[in-house]
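For reference, the structure is listed below as structure tokens.
The numbers here are math on the coordinates, done by the rules we state, and not lab data. Since the structure is predicted, the reported quantities are computational estimates derived from the model, not experimental observations. Cβ placement follows ideal geometry from the backbone for every residue including glycine, while neighbour counts extend to all protein chains displayed.
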Amino acid sequence: MAISAQIGSVSFDANSAQMRAVDLAALREIATEQRKRGGTLRVVGYSQSPVSSERAEQVARTLVGNGVKPDRIYAGAMPQSDPGYLDLRPEAVSANRRVDIYIDY
């Protein structure tokens, strides 16, 4: 039986792959937990612009920099046509500028 759980999310400013200090701290904690418990981290970028892959790769690189083995991370992005939230209100557009992190066992 496979188990998967979302363990984090990183939000981004429009057209940016730059992370905030609070997100970097959260990624350090996620890396520590993965090293303790094992599993594979699945990093999924969402966006209504082409930067979703860049964001996912940036999060994955940060996790590797914090000690997660590269073979324990999968990074990918949802296509622009599937941003997660289809609403055009500003809060939905903002929510689509994110990377979700899951741990899979």
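Positive contributions from Lys and Arg (+1) and negative ones from Asp and Glu (-1), summed over other residues with Cβ under 12 Å from the Cβ of I7, come out at -2.
Taking the number of Cβ atoms within 10 Å of each Cβ as an exposure proxy, the fewest-first ranking of V64, V43 is V64, V43.
By the gyration tensor of its Cα atoms, with a ≥ b ≥ c the square roots of the eigenvalues, what is the shape of the chain: rounded for a/c under 1.5, prolate for a/b over b/c, or oblate?
Prolate, since a/c reaches 1.5 and a/b exceeds b/c.
For the chain, the longest principal axis of the C-alpha atoms and the axis of helix 52-65 are separated by about 20°. Database remark: amide H of A75 closer than 5 angstrom to the amide H of V43 (H placed geometrically; neighbours at sequence offset of 5 or more, or on other chains; Pro and chain starts carry no H).
Of the beta bridges in the range 4-104, as assigned by DSSP with both residues counted there, near 75 percent are antiparallel.
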